[in-house]
1. Of the residues 8, 35, 39, 56, only one is surrounded by 10 or more Cβ atoms within 10 Å (Cβ to Cβ) and modelled with pLDDT of 50 or more; which?
2. Mind checking which residues of the range 158-177 are in a loop (DSSP other than H, G, I, E, B) and touching a residue at least 12 places away in the same chain (Cβ under 8 Å)?
3. Consider residue 67 against the criteria (1) surrounded by fewer than 11 Cβ atoms within 10 Å (Cβ to Cβ); (2) within 17 Å of residue 135 (Cβ to Cβ): it satisfies all of them except one. Which criterion is unmet?
4. Would the range 67-74 turn up any residue that is within 26 Å of the chain's Cα centre (by Cα), in a loop (DSSP other than H, G, I, E, B), touching a residue at least 12 places away in the same chain (Cβ under 8 Å) and on the phi > 0 side of the Ramachandran plot?
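The values are calculated or read from the model by the stated rules, or taken from the named source; none is laboratory data. For clarity, every value in this text was computed on a predicted model and none was experimentally measured. Neighbour counts run over all protein chains shown; Cβ positions are idealised from the backbone, glycine included.
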């Protein structure tokens, strides 16, 4: 038993020495590779929402009614060009549609409406947020400027804007849909926003 143990120990020890001598020397090496990506420009968009203004009871005097947008707006410039952009708007005249008895549509002209943007916040790693214009009076024929940005890229949240309507003392009441009582046709204006 002793002899066998010594022989095995000698053989194992010799094998380890031979293996160590046969192992190649390692050298430090380096390499480099490129990683490529193409970045394509997207579009410029505005997501906007309207508002329902507080009702007005005519009293023979000029009055003002206000309301806020039903949700925050989002302005996105994903073009990746750094080009300036502007958000503008036009508004149709407010119209209360004719009813069965009130057969003449009534209007309050667009310039009685103003839109005010308060806080604009940059989202994520977007550029600094642009500064909104003061309250812009609407027009049915000329673009009114709401925001002008020099080169602001990314997405921006506009806290719910305020809509202010001046109701003139000589305004007509809203037309009734049927007869002279019941549901009425509210005054409605369609606002068209343009960003670019």
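1. Numbers: 8 fails: modelled with pLDDT of 50 or more; 35 fails: surrounded by 10 or more Cβ atoms within 10 Å (Cβ to Cβ); 39 fails: surrounded by 10 or more Cβ atoms within 10 Å (Cβ to Cβ).
So the residue among 8, 35, 39, 56 that is surrounded by 10 or more Cβ atoms within 10 Å (Cβ to Cβ) and modelled with pLDDT of 50 or more is 56.
2. Of the residues in the range 158-177, the ones in a loop (DSSP other than H, G, I, E, B) are 159-161, 168-174, 177.
Residues satisfying the conditions are 159, 160, 161, 168, 169, 171, 172, 173, 174, 177.
3. So residue 67 meets the others, but not (1).
4. No: the range 67-74 contains no residue that is within 26 Å of the chain's Cα centre (by Cα), in a loop (DSSP other than H, G, I, E, B), touching a residue at least 12 places away in the same chain (Cβ under 8 Å) and on the phi > 0 side of the Ramachandran plot.
Rundown of residues vs (1) at positive phi; (2) crowded, with 16+ Cβ neighbours inside 10 Å; (3) part of a loop (DSSP other than H, G, I, E, B); (4) in contact with a helix residue (DSSP H, G or I) (Cβ under 6 Å, 6 or more places away or on another chain), yes/no style:
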{"position": "80", "(1), (2), (3), (4)": "yes, no, yes, no"}
{"position": "101", "(1), (2), (3), (4)": "no, no, yes, no"}
{"position": "121", "(1), (2), (3), (4)": "no, no, no, no"}
{"position": "126", "(1), (2), (3), (4)": "no, yes, yes, no"}
{"position": "156", "(1), (2), (3), (4)": "no, yes, no, no"}
{"position": "179", "(1), (2), (3), (4)": "yes, no, yes, no"}
{"position": "182", "(1), (2), (3), (4)": "yes, no, yes, no"}
{"position": "193", "(1), (2), (3), (4)": "no, yes, no, no"}
